[in-house]
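Here is the structure we will look at.
The values are calculated or read from the model by the stated rules, or taken from the named source; none is laboratory data. On a predicted model such as this, the values are computed, not experimentally measured, just so you know. Reconstructed Cβ throughout: ideal geometry from the backbone, glycine too, with neighbour counts over all protein chains shown. Keep in mind that these areas ignore ligands, DNA and RNA; they rest on the heavy atoms of the full protein, side chains included. Shrake-Rupley method; radii C 1.70, N 1.55, O 1.52, S 1.80 Å.
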Amino acid sequence: MKPRRFDYIRPDSVGEAVAVLAEHGDRANVLAGGQSLMAMLNLRIAEPAVLIDIARLAELDTIRVAGDAIEVGAAVTQNRLMGWPDLAAKLPLLAAALPFVGHFQTRNKGTVCGSIAHADPSSELPLVLATLGGSVVLRSQRGTRVLAAQDFQTGMLSTAREPDELIVAVRFPVQATKRVAFREVARRHGDFAIIAVAAAAESATKVRIGIGGVADRPAARAVALDSSGAVAAAFDELATELEGYDDMHASAAMRRDLLRRLGPLTVEEAMRCAA
Ligand SMILES: Cc1cc2nc3c(=O)[nH]c(=O)nc-3n(C[C@H](O)[C@H](O)[C@H](O)COP(=O)(O)OP(=O)(O)OC[C@H]3O[C@@H](n4cnc5c(N)ncnc54)[C@H](O)[C@@H]3O)c2cc1C
């Protein structure tokens with residue numbers, strides 16, 4: 001199938017982009033890397049009257065330190081962030097997760113913010129943002145607001161973004177630890193995760209974990225290791241609480257089972273990095 005007809009607008013500035021969004025609201029779609037949106041247009045899952053292409057806005061193509069966070073602008077591609085020299089030192093969990101996001105070719109076009117805007121529950125980048133307690137910066141003609149990751153993604157492919165708002169950046173808190181691990185189960189490398197687990201040690205007995213692909217949005221929390229250094233009971237509880245969902249890739253029961261197995265392995269790997 002081919003997309004329905006639409007008008008294509010390439011603004012020269014963020015100010016112009018939010019003005020166009022204010023004019024067209026939910027009749028418009030922002031186009032970033034197009035790696036998800038183009039398929040949705042072709043399948044006519046999305047039928048916007050207007051596409052607003054932000055991919056070449058230089059003012060959004062920035063990676064910068066913002067207080068205790070790294071702010072990644074909305075035109076920054078996944079490969080550009082992967083090649084950022086400070087990534088492993090400042091955001092080791094993100095460095096561990098990025099190679100799992102699609103393929104080299106999709107990461108060349110796909111943006112970090114586009115993935116977070118798309119809010120697929122199996123996506124790696126929203127999972128890392130939630131695990132680290134990051135935030136999303138939204139701009140409209142009404143002003144700028146910053147939403148915590150857990151308030152931004154409201155469900156499967158749904159977010160708290162208003163139709164006139166542009167995501168201008170996301171903020172990942174700089175990590176104090178190098179003890180991290182990221183694991184996922186997918187049919188092939190580069191496919192969306194069936195389930196994914198992120199772990200970042202907070203101390204010798206406490207670890208922050210994130211789980212993707214089991215609920216309709218990433219789940220993140222801190223868990224304590226038991227006296228033998230294990231976390232199996234915590235993942236067992238989480239599997240029951242998050243329930244899982246059925247789709248063409250896996251049943252809810254398989255997702256819960258994978259979580260019970262992959263979760264403790266991921267935490268062990270993160271804790272081993274301490275040695
Ligand atoms: C073969 C293939 C394999 C892939 N595998 C994976 C994978 O393993 N893991 C994974 O996470 N993803 C995967 N993807 C998706 C890919 O990572 C996309 O880059 C990502 O989902 C969307 O980023 P984008 O910049 O391409 O956004 P687009 O496709 O341009 O936009 C996606 C959605 O977000 C909205 N949007 C984008 N930017 C903004 C903004 N700044 N403000 C407001 N709204 C915005 C758009 O309007 C649209 O609704 C894969 C894609 C392909 C084609």
Under 7 Å by Cβ, and 6 or more places apart or on different chains, what pairs join a residue from the range 144-160 that is on the phi < 0 side of the Ramachandran plot with one that is assigned to a helix (DSSP H, G or I) and of a type in the set (Phe, Trp, Tyr)? THR159/PHE152; ALA160/PHE152
Output for the range 141-161, where each listed residue is of a type in the set (D, E, K, R) and more than 14 Å from the ligand (Cβ to nearest atom): ARG142, ASP151
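Quick grid of which residues meet (1) touching a Pro at 6+ places or on another chain (Cβ under 7 Å); (2) outside the structural domain of ALA28 (by TED's automatic domain parsing); (3) part of a strand (DSSP E or B); (4) farther than 24 Å from VAL267 by Cβ:
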position: ARG145; (1), (2), (3), (4): no, yes, yes, yes
position: GLU184; (1), (2), (3), (4): no, yes, yes, no
position: ARG221; (1), (2), (3), (4): no, yes, yes, no
position: ASP236; (1), (2), (3), (4): no, yes, no, no
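Say we look at the range 23-41 and pick out the residues that are modelled with pLDDT of 95 or more and surrounded by fewer than 16 Cβ atoms within 10 Å (Cβ to Cβ); which of these is farthest from the ligand (Cβ to nearest atom)? Steps first, please.
Of all residues in the range 23-41, those modelled with pLDDT of 95 or more come to 23-24, 27-41.
Retained after the next criterion (residues that are surrounded by fewer than 16 Cβ atoms within 10 Å (Cβ to Cβ)): 23, 27, 38-39.
Values: GLU23: 15, ARG27: 12, MET38: 7, ALA39: 7 Å.
So the residue we want is GLU23.
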Residues of the range 251-265 being more than 13 Å from GLY212 (Cα to Cα) and crowded, with 19+ Cβ neighbours inside 10 Å, in sequence order, are PRO264
Collect the residues in the range 200-220 that are surrounded by 24 or more Cβ atoms within 10 Å (Cβ to Cβ), under 15 Å from the mean Cα position of the chain (by Cα) and among the small types (Gly, Ala, Ser), keeping them in residue-number order. GLY210, GLY212, GLY213
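Within the range 162-176, identify whether any single residue is within 11 Å of the ligand (Cβ to nearest atom), open to solvent by 40 Å² or more (accessible area, probe 1.4 Å) and either at pLDDT 95 or above or at positive phi (or both), and answer yes or no.
Quick first cut of the range 162-176, residues within 11 Å of the ligand (Cβ to nearest atom) only: 162-170.
Within this subset, residues satisfying the condition of being open to solvent by 40 Å² or more (accessible area, probe 1.4 Å) are 162-163.
Filter once more, keeping what is either at pLDDT 95 or above or at positive phi (or both): 162-163.
Yes: the range 162-176 contains one or more residues that are within 11 Å of the ligand (Cβ to nearest atom), open to solvent by 40 Å² or more (accessible area, probe 1.4 Å) and either at pLDDT 95 or above or at positive phi (or both).
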Look at ARG187 and say whether it is more than 10 Å from the ligand (Cβ to nearest atom), in contact with a helix residue (DSSP H, G or I) (Cβ under 8 Å, 6 or more places away or on another chain) and over 30 Å from GLU23 (Cβ atoms). no
Counting only residues that are open to solvent by 20 Å² or more (accessible area, probe 1.4 Å), more than 14 Å from VAL174 (Cβ to Cβ) and within 9 Å of the ligand (Cβ to nearest atom), give me the helices (runs of 4 or more DSSP H) lying completely in the range 51-140 with at least 1 of them. 104-109, 112-118
